[in-house]
Structure formats: structure tokens, C-alpha cells
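Okay, here's the structure, questions in a sec.
The values are calculated or read from the model by the stated rules, or taken from the named source; none is laboratory data. Not measured: the values here are computed from a predicted model. Every residue, glycine among them, receives a Cβ derived from its backbone with ideal geometry; neighbour counts consider all protein chains shown. When the accessible area is computed, the model is the full protein with side chains, heavy atoms only, and any ligands, DNA or RNA have been set aside. Shrake-Rupley method; radii C 1.70, N 1.55, O 1.52, S 1.80 Å.
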Amino acid sequence: MVDLLMTSEQRQIVDSVVSFLAENLPVGRLRPSAGSRQEAQAMPEMASLGWFMIGLDEKFGGLGMSITEEVLIFREFGRYLLGPSSIATVLGMRVAAEAGNASLLQKLLEGRVHVALANSVGEVSIKDAVSGPFQIFDGSGADLILVIGEAGQAALLERCAVSEISSRRSSVDGLTLELAKCNAVPSLAYVGEGSTLYMRLSLLAAAMLSGMCEATRDLSTEYAKFRVQFGKPIGSFQAIKHKCSDMALRADAATNLVNFAAVTLTAGQKDAAYLSTAAKLLTARYALLSAKETIQVHGGIGFTVECDAHHFLKRAHLYDLIGGGSFRQQQLLLADALPEVELPGTEFAA
């Protein structure tokens, strides 16, 4: 039997994260007229609270917990629509630690450098030197760029060492998008194939997507309680009831699968890679569907900047792409379940 319920210590961690994010980084910060504190300004404080080092081994200066605790924190990050830099920071620390770059690790632990996450968009080579095309998420002002391959290989690059970086129009509020072309860019820290980094990337992205499932569920049910039409709260209408019920079921399924995959990875089980991929695929699908239905529940206002619902749809699309979109996740699942079958079209586009 696997216990997926939080311990009292884990509950305390989650409560502290929720308290900080609700006060400092509410979803409303993404509105054009918000003028409130943004995520980049809060990153050093979040680092000082130990959230990014919670799963790092104590011998490297971390808190010595596991991916299970990281997943719980990142689920709350998803509820408040934090950007991919939080994932890049956590995994960047692990790359620096495993590569033995103590000085770089110390800078990351102290929150003195900003790490951006890069997504491959074609054939790439990730070794001591990195080559190929990448999309960089929220990389404006970043010091480092993190790239991770499907075989577990990963590298940290200096942004200034990448000569070809061009800005692209981003449809995701509060995040920048850039296209980088690396030509044998030397890595500051490199981890070879066989590490758990890609599984961790998939799981942390899945955790954030499961948080989005929970947030859209809550957003819809709360709105359905006080929005009145024809003299009744719209939550009393069968069509709205069914949508909210479906969101609740999807949120529970997504959260439980992510938790189970995290426990499996912590235990070092051989099916950890399969479950982390399955979690990424399922949570992306459910987050997109729940975000779409949240907009429908809100009606016309759901499409406007005054409503937060559309932000969840945009961020769900973004996190679906991290580490490969849904089609690529399906290919990986099939390759794992049917290793003797050669799958066509292994390259993917973000």
C-alpha cells in the first residue's frame, strides 16, 4: 500500500508556501494594470526560504528531503502560475552539485544568479559543449540557461556565451520568449546520460499542471456560487454542475498520479520514468481542458483581462511544451511499453 497523504511536516511546508505566494505573488499580478510585485523580484526571497534546495542532498548544502516534497511545493507554484525559472533553479542546483561545481552551486543556493529554462526545438547535442536550437522561457535578464535531454543529460550555460539569441513574441502574460541557436557553447556544469534530471523535469512540470487543475476547479466553483442568472446561482444549473464536477475529478486524478510518480522516483523503482512521463501527459491534458472549461463557466468575462481564467489556459499550454509536448510524451510512453517497436518521427517541435 502506498500512502499518498501529506504528513504534518509536509502540510506545514505547503502552508508556508501558500501564505507567501498569496501575499506576494497572487495570480492577479499578471493583469496588465496590476503594478504589483513580480516573480523575478521575489526569487531571492524564495531562495532564502529554502524552497529551491529542499530536495538537494545535505552534503551539497540542501535540506535533504525528496522529490516528494518538491512536488508538493511545485503544485502550489502551479496554482499561482509561477514561471519555468523556478524549475530551472531547482534542477540547475542539482546539475551544479552532480557536476562538482561548488562555486556555481553556492551562487545558486544564495539566489545570486537567475536561471532560465531552455526547450529544444529540433536536433540538439547536449554534452560538455551544447549545440542546436532552443526556446528560452523567461530568459530576459537571466545569467544562466539550463538545457536537459531526454536521456538525462543536462548542462548549464552562460547566457552571454550564446551568441545567437533573438526575441520572439510571447502570448503568455508575464513571460518572455527567445530563440537561441547554440554552436558548441561550452557548459559551466554538465551531467551525462543516465541521471534522473529529465524525470524530475517532467514531474515538476506535471506538479505545476496539477496545481493549475486544482486552481481552475476552485475558480470555477467559487464563481458558480455567486454569479446569478435567471434569479439563481449558475452553480444550480446542471451544465455548470457537470463541468465543476469533472474539474474536481480531473484535479484529484492529476494530483494522485503526480504524487504516486514522485513516491516511485524517491524509492528508485524501475517504472519511475514511465510514471513521470504518464504524469506529465495526463496533467497537461487535464490542465488544458479544465482551463478551457473555466473560461466557459465564467462566460464572456472569462475572455477579458479583468478575469484570471485565461492565464491558466496560456500557462497550461506553456508547461505542456516543456520537455516535449503531449505527442512526444505519448511516443515516450509507447517506446517504454513496447521497446522493440521503432517509432517514427522522434523529433518534436515545441
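Can you tell me which residue in segment 225-259 is least open to solvent (accessible area, probe 1.4 Å), limited to those that are assigned to a helix (DSSP H, G or I), free of Cβ contacts under 8 Å to residues at least 24 places away in the same chain and not charged (D, E, K, R)?
Applying the filter and picking the extreme gives GLY235.
This table checks each residue for (1) farther than 22 Å from LEU117 by Cβ; (2) at pLDDT 95 or above; (3) crowded, with 22+ Cβ neighbours inside 10 Å; (4) over 17 Å from the mean Cα position of the chain (by Cα).
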| position | (1), (2), (3), (4) |
| --- | --- |
| SER19 | yes, yes, no, yes |
| SER33 | yes, no, no, yes |
| ALA40 | no, no, no, no |
| GLU45 | no, no, no, yes |
| GLY64 | yes, no, no, yes |
| ARG75 | no, yes, yes, no |
| LEU81 | no, yes, yes, no |
| ILE87 | no, yes, yes, no |
| ALA99 | no, yes, no, yes |
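Another question about this same structure. Of all residues in segment 123-141, count the ones that are under 15 Å from ARG169 (Cβ atoms) and open to solvent by 40 Å² or more (accessible area, probe 1.4 Å).
Total satisfying the criteria: 1.
In segment 171-195, which residues are β-branched (Val, Ile, Thr), closer than 19 Å to GLY92 by Cβ and not in a strand (DSSP E or B)?
THR176
While we're on this one: When residues of segment 169-188 are filtered for being within 22 Å of the chain's Cα centre (by Cα) and touching a residue at least 12 places away in the same chain (Cβ under 8 Å), how many remain?
Qualifying residue count, segment 169-188: 10.
Next question, about the same structure. Quick one: count up the residues across segment 142-165 that are touching a residue at least 40 places away in the same chain (Cβ under 8 Å), buried (at least 16 other Cβ atoms within 10 Å of the Cβ) and part of a loop (DSSP other than H, G, I, E, B).
The number of residues fulfilling the criteria is 5.
What residue, among those in segment 303-324 that are without any contact (Cβ under 8 Å) to a residue 60 or more places away in the chain and in contact with a His (Cβ under 7 Å, 6 or more places away or on another chain), is farthest from SER171 (Cα to Cα)?
Of everything passing the filter in segment 303-324, CYS307 is farthest from SER171 (Cα to Cα).
Of these, ALA287, ALA273, ALA262, which one is closer than 30 Å to SER236 by Cβ, of a type in the set (A, V, I, L, M), in contact (Cβ under 8 Å) with a residue 60 or more places away in the chain and part of a helix (DSSP H, G or I)?
Criteria check complete, one pass: ALA287.
What are the pairs, 6+ residues apart or on separate chains, where a residue within segment 1-16 that is open to solvent by less than 60 Å² (accessible area, probe 1.4 Å) and modelled with pLDDT of 90 or more has its Cβ under 9 Å from a residue that is outside any loop (DSSP other than H, G, I, E, B) and of a type in the set (D, E, K, R)?
GLN10/GLU69; ILE13/GLU69; VAL14/ARG75; VAL14/GLU76
So the check is Cβ under 7 Å with 6+ separation or different chains; which pairs have a first residue in segment 57-85 that's at positive phi and a second one that's of a type outside the set (A, V, I, L, M, F, W, C) and surrounded by 24 or more Cβ atoms within 10 Å (Cβ to Cβ)?
These pairs meet every condition: LEU81/ARG315.
Just checking, how many residues over segment 290-312 are out of contact with any Pro (no Cβ under 8 Å at 6 or more places or on another chain) and either assigned to a loop (DSSP other than H, G, I, E, B) or under 13 Å from ARG217 (Cα atoms) (or both)?
Going through segment 290-312 one residue at a time, the tally reaches 15.
Going residue by residue through segment 203-224, is there one that turns out to be out of contact with any Lys or Arg (no Cβ under 7 Å at 6 or more places or on another chain), assigned to a loop (DSSP other than H, G, I, E, B) and within 27 Å of LEU288 (Cα to Cα)?
Looking for residues that are out of contact with any Lys or Arg (no Cβ under 7 Å at 6 or more places or on another chain), assigned to a loop (DSSP other than H, G, I, E, B) and within 27 Å of LEU288 (Cα to Cα), one finds none in segment 203-224, hence no.
Keeping to segment 282-317, report how many residues are buried (at least 24 other Cβ atoms within 10 Å of the Cβ) and under 14 Å from the mean Cα position of the chain (by Cα).
Residues flagged as buried (at least 24 other Cβ atoms within 10 Å of the Cβ) and under 14 Å from the mean Cα position of the chain (by Cα) within segment 282-317 amount to 6.
To continue, here is another question. Assess whether LEU109 counts as being crowded, with 24+ Cβ neighbours inside 10 Å and touching a residue at least 60 places away in the same chain (Cβ under 8 Å).
no
Right, here's the next one. Among the residues of segment 92-119, how many are more than 17 Å from GLY139 (Cβ to Cβ) and in a helix (DSSP H, G or I)?
Matching residues across segment 92-119 total 13.
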